[in-house]
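What follows is one structure encoded as structure tokens, with my remarks underneath.
The values are calculated or read from the model by the stated rules, or taken from the named source; none is laboratory data. These numbers come from a predicted model, not from an experiment. Cβ atoms come from the backbone with ideal geometry, glycine included; neighbour counts cover every protein chain shown. The area values use the complete protein model at the heavy-atom level, side chains included, leaving out ligands, DNA and RNA. Shrake-Rupley method; radii C 1.70, N 1.55, O 1.52, S 1.80 Å.
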Amino acid sequence: MSLSSRHLLGLYGVPKEDIQLILDTATTFREVLERPIKKVPTLQGKTIVNLFYESSTRTRISFELAQKRLSADTINFSTSTSSTKKGETFKDTVRNIEAMKVDMIVVRHQSAGVPTYLTKISKANIINAGDGLHEHPTQGLLDIYSIKEKLGKLDGLKVCIVGDVSHSRVALSNIFGLKTMGAKVSVCGPSTMIPFGIESLGVKVYNKINQAIAEHDVLNVLRIQLERNAGERIPSLREYHNYFGITTERIEKNNRDVLILHPGPINRGVELSSEVADGPYQVILDQVTNGVAIRMAVLYLLGTMH
Amino acid sequence: MKIILKNARVINPIQKLDSKLDLLIEDGVIQKIGEISEKVVKDSQIFDFENKICVPGLFDMHVHLREPGREDEETIDTGSNSAAAGGFTGVACMPNTSPDIDSAEIVKFIKEKSKKNLVDVFPVAAATLNRKGEALSPIAELYEAGAIAFSDDGSVIKNAGILRRVLEYSKMFDVPVIEHCEDETLSDGAMNEGLVSTILGMPSIPNVAEDLIVARDILMAEFTDARIHIAHISTKGAVELIRQAKKRGVKVTAEVTPHHFTLTDDSLKLFDTNYKMSPPLRTTSDIQAILEGLKDGTIDCIASDHAPHAIEEKEMEFVFAPNGIVGLETTLGISISELVHKKILTLNQLIEKLSINPRKILNLPIPEIKEGSEVNLTIIDTDLIWTVDVTKLKSKSKNSPFDKRLLTGKSISVINKRQMYFEDNYIRI
Ligand SMILES: [Zn+2]
């Protein structure tokens, strides 16, 4: 069994069999992570570069740990300056890295499409670790994995993505991946945060949080980008919390069976109340553990492809 | 030197001319039209243009020549070569050079530099100082130096109050103000806002960013009774606004680029920066409206918006890459393939949009094909099938989304200012 593409650029258009294979492989690695010695020699001799043009400690650590668990050699390249500000272009940087004979590149970049562009200028397997507001496929996969783990199925499940959907690569990867796996996906948030034409992707739009909680099995609650939004898309964080924040009271009034996911880091008191963030409805830390297993699965499947 | 162009179908809509004729040209002037025997005319060079059409030289009213300032991307000379290869005998160049074309010296510099070339270059000067939209440029002085229109192209004139003064002032010279219509508070994006931008998670620009300014500009032109020309229209809303304004008698004209009537935002799925332009590529329904607008005359002309960029600038992360593509050498081929062969426009209508109307808008004389006239012609093979190859472009820059595209129709030769461009060579005639 192998994947149909040698890169993971996004979940848009990825066939069901591929997603299923990644989820199944992750289950195997999830077991490895429970062992006293959490390491397998699968990617020994492979060199992986983590090319991070946008700071993201969490995603980078998760990838790095997954690479170490698979015994790969890892190099980290992090910078926050874009090629417009530096003398060297992005392409030159990549060519330089390529010359060091790397097998895989994990890339995070503030500009949508950079992973796709990388496939044209590099021979390595490319894994998208988040590009602009486009996709974050391993996050989508780990969310899907976590839902399946808790609820036992995906087909027919109702999942609502809550918050700033128009500024979220996590939302898009979730929508594409979950729909492929047979789930019904909706979004809920202020109208200013719902992207154009999302309904034509077969996604229902909610503007009332109580209704969204009542009508779904899962809420995947997005992080509100504090710096980006206050004043422009929402009047204030306080108003956001009052009208769209997930609180224990709202959950208990509308749907005690709901499962809460959050990609982290959490803004307590904004999208989630502290009580919810630490409470019984959420699986936030399981998501983090599953993230390592999912990334191991993706690295393994791409790294051992011929 | 004497040359004879034989057997071409000679078309000139303004003369109601359309017949198979020979032309005898001597020292750059048409001496005789009709059936000309090479036996009668001694020492002449014969060009057999059987099955080709011969039309008044094509004119591209929207090109960026990059000189002065970015001679690594294009110069007046290389841009003129590109124009000649694409079938144009004249171009109007936009003022967003470095420095901007906002002083008489730069207008004169461009006129002087292009003097020796086959292709006529007419500078469009900045409407406001440094194209900042704050203070009027020396419009009278620029006009006197040779500027034929005023524009802050690359940017919109943000402030309606300043636009009013620009319109009023240019009206004294009966020249159009050319507007790049885009409300900057809505255009902070890298592509069209639509389903594709949603799927790609790309910052986007809605149609209304253009429609708003087109509406404002039409109202301002109506209010001042001055002439406004809408550059590179891309939305169905803009087409309709212009159609209605023309019905009311507003002095508005409009142009469209080949990419805006052939490509949609769907092409951006590969994140190729050669599809990044301003205004952005829109949707199929916008293209439909633009084709209707071309047909019914709402859109007066076709212009390339030739915008050369260095490879290292286009080979960048999508949101950082500059806007624009080269177009002088593909405009005619795309227009014939997409408009004439697909029966959107007749050949006559296409010639109006590529030769007659741009000159009318810019108050330039329209070349006549009659005895005694100075020769200014383009010879076109409407059936020639060829493949665009960016490596062979005469332009210094290679940023084109049409690379490897199969086109039907191409310019074979252009003649102007006692020079003939034929088979990659300039011949003095
Ligand atoms: Zn423009």
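If you go through segment B:236-282 and keep only what is within 16 Å of the ligand (Cβ to nearest atom), touching a Ser or Thr at 6+ places or on another chain (Cβ under 7 Å), away from chain A (no Cβ under 14 Å) and farther than 20 Å from B:V177 by Cβ, you end up with B:P258, B:H260, B:L281. Of all residues in segment B:203-235, exactly one satisfies the criterion of being more than 16 Å from the ligand (Cβ to nearest atom) and part of a strand (DSSP E or B), namely B:S204.
If you check A:V159, A:V114, A:V106 for being away from chain B (no Cβ under 12 Å), under 26 Å from B:F271 (Cβ atoms) and buried (at least 24 other Cβ atoms within 10 Å of the Cβ), only one passes: A:V106. Within segment A:124-134, being touching a residue at least 60 places away in the same chain (Cβ under 8 Å) and over 24 Å from A:K46 (Cβ atoms) holds for one residue alone: A:H134. Given B:A84, B:A125, B:A92, B:A135, which one is under 24 Å from B:L58 (Cα atoms), among the hydrophobic types (A, V, I, L, M, F, W, C), away from every other protein chain (no Cβ under 14 Å) and more than 16 Å from the ligand (Cβ to nearest atom)? It is B:A84.
Cβ-Cβ contacts under 8 Å between residues 6 or more apart (or on different chains), taken from a first residue in segment B:169-182 that is at positive phi and in contact (Cβ under 8 Å) with a residue 40 or more places away in the chain to a second residue that is open to solvent by 10 Å² or more (accessible area, probe 1.4 Å) and away from the ligand (no atom under 16 Å from the Cβ), are listed as B:D174/B:R227; B:D174/B:N363. Looking across segment A:134-149 at every residue that is charged (D, E, K, R) and more than 24 Å from B:E193 (Cα to Cα), the one that is least open to solvent (accessible area, probe 1.4 Å) is identified as A:D143. Report, by residue number, each residue of segment B:56-69 that is away from the ligand (no atom under 16 Å from the Cβ), of a type outside the set (A, V, I, L, M) and in contact (Cβ under 8 Å) with a residue 60 or more places away in the chain. Correct list: B:P56, B:G57, B:F59.
Among the numbered conditions (1) open to solvent by less than 50 Å² (accessible area, probe 1.4 Å); (2) outside any loop (DSSP other than H, G, I, E, B); (3) at pLDDT below 95, the only one that A:N290 does not meet is (3). Would you confirm, using the coordinates I've provided, whether A:R223 is under 20 Å from the mean Cα position of the chain (by Cα), among the charged types (D, E, K, R) and in the same structural domain as A:G269 (by TED's automatic domain parsing)? Judged against the criteria, A:R223 is a match.
The number of residues in segment A:171-193 that are open to solvent by 10 Å² or more (accessible area, probe 1.4 Å) and either under 17 Å from A:L272 (Cα atoms) or not assigned by TED's automatic domain parsing to the domain that holds A:I209 (or both) comes to 1.
Candidates B:I199, B:I228, B:I205: the one that is buried (at least 21 other Cβ atoms within 10 Å of the Cβ) and more than 14 Å from chain A (Cβ to nearest Cβ) is B:I228. In summary, helices (runs of 4 or more DSSP H) completely within segment B:240-344 and bearing 2 or more residues that are within 22 Å of the chain's Cα centre (by Cα) occur at B:258-262, B:284-296, B:331-335. If only residues of segment A:53-98 that are at pLDDT below 90 and more than 14 Å from chain B (Cβ to nearest Cβ) are counted, the one that is most open to solvent (accessible area, probe 1.4 Å) is A:S55.
In segment B:72-94, the residues that are within 22 Å of B:E179 (Cα to Cα) reach residues that are modelled with pLDDT under 95 and away from the ligand (no atom under 16 Å from the Cβ) with C-beta atoms within less than 9 angstrom, at least six apart or across chains, in these pairs: B:C93/B:E67.
Being within 16 Å of the ligand (Cβ to nearest atom), hydroxyl-bearing (S, T, Y) and either more than 21 Å from B:F173 (Cα to Cα) or in contact with a helix residue (DSSP H, G or I) (Cβ under 7 Å, 6 or more places away or on another chain) (or both) is a property that holds for B:T97. Within segment A:148-164, being among the aliphatic types (A, V, I, L, M), more than 13 Å from the chain's Cα centre (by Cα) and outside any loop (DSSP other than H, G, I, E, B) holds for A:L151, A:V159, A:V162.
Across segment B:9-42, which residue is modelled with the lowest pLDDT among those that are of a type in the set (D, E) and assigned to a loop (DSSP other than H, G, I, E, B)? Taking the candidates together, the pick is B:E38. Filtered by the rule that a residue be part of a loop (DSSP other than H, G, I, E, B), open to solvent by less than 10 Å² (accessible area, probe 1.4 Å) and either more than 15 Å from the ligand (Cβ to nearest atom) or within 14 Å of chain A (Cβ to nearest Cβ) (or both), segment B:149-177 gives a lone residue, B:V175.
Is it fair to say B:S187 is assigned by TED's automatic domain parsing to the domain that holds B:G297, among the polar types (S, T, N, Q) and within 16 Å of the ligand (Cβ to nearest atom)? Taking the combined requirement at face value, the residue satisfies it.
Counting only helices (runs of 4 or more DSSP H) that sit completely within segment B:46-148, those holding 3 or more residues that are open to solvent by 40 Å² or more (accessible area, probe 1.4 Å) correspond to B:104-114, B:139-145.
Taking the numbered list (1) within 21 Å of B:V91 (Cβ to Cβ); (2) crowded, with 24+ Cβ neighbours inside 10 Å in turn, B:A310 passes all entries but (2). Looking across segment B:234-279, the residues that are at pLDDT 95 or above, surrounded by fewer than 18 Cβ atoms within 10 Å (Cβ to Cβ) and either of a type in the set (K, R) or closer than 13 Å to B:D217 by Cα (or both) come down to B:K247, B:R248.
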